[in-house]
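The values are calculated or read from the model by the stated rules, or taken from the named source; none is laboratory data. Owing to the predicted nature of the structure, the values given are computational and were not obtained by experimental measurement. Neighbour counts run over all protein chains shown; Cβ positions are idealised from the backbone, glycine included.
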Amino acid sequence: GAVVSQHPSRVICKSGTSVKIECRSLDFQATTMFWYRQFPKKSLMLMATSNEGSKATYEQGVEKDKFLINHASLTLSTLTVTSAHPEDSSFYICSARGGGSYNEQFFGPGTRLTVL
Amino acid sequence: AQTVTQSQPEMSVQEAETVTLSCTYDTSESDYYLFWYKQPPSRQMILVIRQEAYKQQNATENRFSVNFQKAAKSFSLKISDSQLGDAAMYFCAYRGNTDKLIFGTGTRLQVFP
């Protein structure tokens, strides 16, 4: 149980285009999902907290107009990188918070974005 | 603000031996959770072990155990009987009242046969 999927796993796009990444909790409902960015050989940096049915909360320094987050259902959150530039190339990871005693976060397998 | 520090960028261990990864953190909160996550080359984050701050007993999960020193704000991970499959990046993480995970910079563990 507690499986989180991400789609696509890899995407290459041209500079100036927009890319959408999906994060799904497959076997549980998640009112809260998190989006992280990970640079090569670096740690995970939280970009935003996505709450079902409400606006996402962005971390300081993250452009909300560039990284659009939509959490339209209890099992799906999407991250859209708008007008992508080469500096947006990175590994994006989502997690979904489950219930239970620990409110544990379950992580997706990540999406590698390359902007040419 | 809370911070998590991992002072060992890289560690190595021989198969079947024991290795300890260090983690320190800073917080003014009294109730929180600490975690160790493993990130293998596949990049999938895997929870290794968790520790509730209010529990004095150190958590253990098979070959993995922690040494939690609350007063010293220290949370080290011990891997016993190391296996080749243990080779990965290991991240220490803190979760307090905000429900956000704060990660350390990671330690790359190499396991030699």
Revision key, fill the gap. Scanning the range B:5-41 for residues that are within 15 Å of B:Arg108 (Cβ to Cβ), small (Gly, Ala, Ser) and loosely packed, with under 15 Cβ neighbours inside 10 Å gives B:Ser7, B:Ser12
Point to revise | Residue tally, condition among the basic types (Lys, Arg) and within 14 Å of chain B (Cβ to nearest Cβ), over the range A:56-115 | key: 2
Check your understanding: In the range B:21-66, what count of residues is obtained for those that are within 14 Å of chain A (Cβ to nearest Cβ) and of a type in the set (Ser, Thr, Tyr)?
Key -> 6
Review point. Could you list, in sequence order, the residues of the range B:72-113 that are modelled with pLDDT of 95 or more and among the small types (Gly, Ala, Ser)?
Key: B:Ala72, B:Ser74, B:Ser76, B:Ser80, B:Ser82, B:Gly85, B:Ala87, B:Ala88, B:Ala93, B:Gly104, B:Gly106
Point to revise | Total residues in the range B:69-94, condition crowded, with 20+ Cβ neighbours inside 10 Å, in a strand (DSSP E or B) and not aliphatic (A, V, I, L, M) | key: 5
Practice item. Sort through A:Phe67, A:Phe28, A:Phe39, A:Phe91 and tell me the only one that's crowded, with 18+ Cβ neighbours inside 10 Å and of a type in the set (Phe, Trp, Tyr). Key: A:Phe67
Review point. List, please: which pairs have Cβ atoms under 6 Å, are six or more places apart or on different chains, and start with a residue in the range A:32-44 that is within 11 Å of chain B (Cβ to nearest Cβ) and end with one that is of a type in the set (S, T, N, Q)?
Key: A:Thr32/A:Asn51; A:Phe34/A:Thr49; A:Phe34/A:Ser95; A:Ser43/B:Thr105; A:Leu44/A:Gln38
Practice item. Determine which single condition A:Ser15 fails, assuming it passes every other condition in (1) more than 14 Å from chain B (Cβ to nearest Cβ); (2) in a loop (DSSP other than H, G, I, E, B); (3) surrounded by 17 or more Cβ atoms within 10 Å (Cβ to Cβ); (4) not basic (Lys, Arg). Key: (3)
Review point. Are there any pairs with C-beta distances below 6 angstrom linking a residue in the range B:70-86 that is over 17 Å from B:Pro40 (Cα atoms) to a residue that is among the hydroxyl-bearing types (Ser, Thr, Tyr) and not in a strand (DSSP E or B), with the two at least 6 apart or on different chains, and if so which?
Key: B:Ser76/B:Ser22; B:Ser80/B:Thr18
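If you take the residues in the range B:34-71 that are aromatic (Phe, Trp, Tyr) and at pLDDT 95 or above, which one is nearest to A:Phe107 (Cα to Cα)? Lay out the reasoning, then the answer.
Of all residues in the range B:34-71, those aromatic (Phe, Trp, Tyr) come to B:35-37, B:54, B:64, B:68.
Next cut, at pLDDT 95 or above only: B:35-37, B:64, B:68.
Working: B:Phe35: 14, B:Trp36: 14, B:Tyr37: 11, B:Phe64: 20, B:Phe68: 24 Å.
Among those that are aromatic (Phe, Trp, Tyr) and at pLDDT 95 or above, it is B:Tyr37.
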Practice item. Quick one: which residue in A:Phe28, A:Phe34 is out of contact with any helix residue (DSSP H, G or I) (no Cβ under 7 Å at 6 or more places or on another chain) and more than 24 Å from B:Gly104 (Cβ to Cβ)? Key: A:Phe28
Point to revise | Hits in the range A:34-53 (condition: outside any strand (DSSP E or B) and among the small types (Gly, Ala, Ser)) | key: A:Ser43, A:Gly53
Exercise for review: Just give me the residues in the range A:60-78 being closer than 20 Å to A:Phe106 by Cβ and part of a loop (DSSP other than H, G, I, E, B), in sequence order.
Suggested key: A:Leu74, A:Thr75
Review point. Being within 14 Å of chain A (Cβ to nearest Cβ), of a type in the set (Gly, Ala, Ser) and either in a strand (DSSP E or B) or touching a Phe, Trp or Tyr at 6+ places or on another chain (Cβ under 8 Å) (or both), is that true of even one residue in the range B:4-17?
Key: no
**Study point:** Criterion violated by B:Arg95 - all others in (1) touching a residue at least 40 places away in the same chain (Cβ under 8 Å); (2) among the basic types (Lys, Arg); (3) more than 14 Å from every other protein chain (Cβ to nearest Cβ) satisfied
**Key:** (3)
